[in-house]
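A.B. asks: Please see the structure below; I have some questions.
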Amino acid sequence: MKNRLKALRAERNWSQAVLGAKLDVSRQTINAIEAGRYDPSLPLAFKIARLFGQAIEDIFDDEARVMQGARRRE
Amino acid sequence: MTTEQATRRYFQIFIPSMVGYLAGTLATIWAADHMDLPPFALYGLAGVPIFAMLCMFWGHWRFINEIDEFLRTIQIKAVLFGIASVLVVATGWGTLEMLADAPKLQVFWLLPIFWTSYSAAAGVLTKRAGGF
């Protein structure tokens with residue numbers, strides 16, 4: 001799943017370790033989410049959304065939504 | 001709980017358990033070879049490494065519950081790899097013993113096979129996930 005976590009983190013000058021500490025997860029977990037290798041659980045996604053003050057769908061974008069957007073643009 | 005705390009708690013159980021397992025195993029082997037113990041005493045002595053094994057797995061169970069969700073998936077995959085390795089070796093060798101007269105493999109070796117394959121899988125998966 002694509003996400004804006006890396007950009008949001010960079011805006012705040014947080015390292016992966018710092019963000020991990022704020023979310024109570026490991027640096028590896030942040031790394032895996034940012035790289036799109038791991039999709040967080042719903043509770044963790046909510047926690048991330050709350051931390052950045054945004055809606056989940058503004059941070060995470062599943063393929064279906066990406067395809068929908070592309071179709072709409074056509 | 002942080003990953004570091006969970007890891008520390010894990011090793012606080014794992015290291016003494018592993019020492020107990022090795023000491024219990026060696027003591028049982030030595031007693032069986034050098035002492036004329038009655039069978040119930042040998043069974044009792046063999047209970048030491050068995051108890052240590054139970055502690056090891058309880059520590060691992062607790063560790064898996066205490067780490068975060070992504071690291072938990074790594075641990076579960078590694079444990080599955082370890083179990084699969086044990087089943088493949090045990091069933092495969094058992095088939096060879098049954099059908100091809102292969103030399104007997106002591107089931108004692110299943111635990112070392114589990115820990116070796118689990119550790120290799122956990123190491124590879126953790127490295128792929130961005131290191132330790």
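The values are calculated or read from the model by the stated rules, or taken from the named source; none is laboratory data. These numbers were taken from a predicted model, which means no experiment stands behind them. FYI the Cβ positions are ideal-geometry reconstructions off the backbone, even for glycines, and counts take in every protein chain you see. Surface accessibility is based on the protein's heavy atoms, side chains included, excluding ligands, DNA and RNA. Shrake-Rupley method; radii C 1.70, N 1.55, O 1.52, S 1.80 Å.
A.B. asks: For the condition on the phi > 0 side of the Ramachandran plot and more than 10 Å from the chain's Cα centre (by Cα), what is the one hit in A:N13, A:N31?
C.D. replies: After ruling out the rest, the residue left standing is A:N13.
A.B. asks: Could you tell me whether the stretch B:38-51 includes any residue that is more than 14 Å from chain A (Cβ to nearest Cβ), farther than 30 Å from B:R9 by Cβ and in contact with a Ser or Thr (Cβ under 8 Å, 6 or more places away or on another chain)?
C.D. replies: Looking for residues that are more than 14 Å from chain A (Cβ to nearest Cβ), farther than 30 Å from B:R9 by Cβ and in contact with a Ser or Thr (Cβ under 8 Å, 6 or more places away or on another chain), one finds at least one in the stretch B:38-51, hence yes.
A.B. asks: Mind listing whichever residues of the stretch A:1-31 are open to solvent by less than 40 Å² (accessible area, probe 1.4 Å), more than 8 Å from chain B (Cβ to nearest Cβ), within 18 Å of B:M1 (Cα to Cα) and not β-branched (V, I, T)?
C.D. replies: A:Q16, A:L19, A:G20, A:L23
For every residue, the table says whether it meets (1) closer than 30 Å to A:D24 by Cα; (2) modelled with pLDDT under 90; (3) outside any loop (DSSP other than H, G, I, E, B); (4) more than 14 Å from chain A (Cβ to nearest Cβ).
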| residue | (1), (2), (3), (4) |
| --- | --- |
| B:E4 | yes, yes, yes, no |
| B:T7 | yes, no, yes, no |
| B:I13 | yes, no, yes, yes |
| B:P16 | yes, no, yes, yes |
| B:G20 | no, no, yes, yes |
| B:G24 | no, no, yes, yes |
| B:A27 | no, no, yes, yes |
| B:D36 | no, yes, no, yes |
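A.B. asks: Sticking with this one: Go through the residues of the stretch B:107-118 one by one and say whether even a single one is farther than 30 Å from A:E34 by Cβ and more than 12 Å from the chain's Cα centre (by Cα).
C.D. replies: Checked against the condition, which is being farther than 30 Å from A:E34 by Cβ and more than 12 Å from the chain's Cα centre (by Cα), the stretch B:107-118 yields at least one hit.
A.B. asks: So, in the stretch B:76-123, how many residues would count as being surrounded by 14 or more Cβ atoms within 10 Å (Cβ to Cβ), within 14 Å of chain A (Cβ to nearest Cβ) and out of contact with any helix residue (DSSP H, G or I) (no Cβ under 7 Å at 6 or more places or on another chain)?
C.D. replies: So the count comes out to 0.
A.B. asks: Take the residues in the stretch B:31-75 that are among the hydrophobic types (A, V, I, L, M, F, W, C) and open to solvent by 80 Å² or more (accessible area, probe 1.4 Å); name whichever of them is farthest from A:E34 (Cα to Cα).
C.D. replies: B:M35
A.B. asks: I would also like to ask the following. When both residues are 6+ apart or on different chains and their Cβ atoms are under 7 Å apart, which pairs have a first residue that lies in the stretch A:32-55 and is within 10 Å of another protein chain (Cβ to nearest Cβ) and in a helix (DSSP H, G or I), and a second that is open to solvent by 60 Å² or more (accessible area, probe 1.4 Å) and not acidic (D, E)?
C.D. replies: Note: pairs meeting the criteria are A:E34/A:K6.
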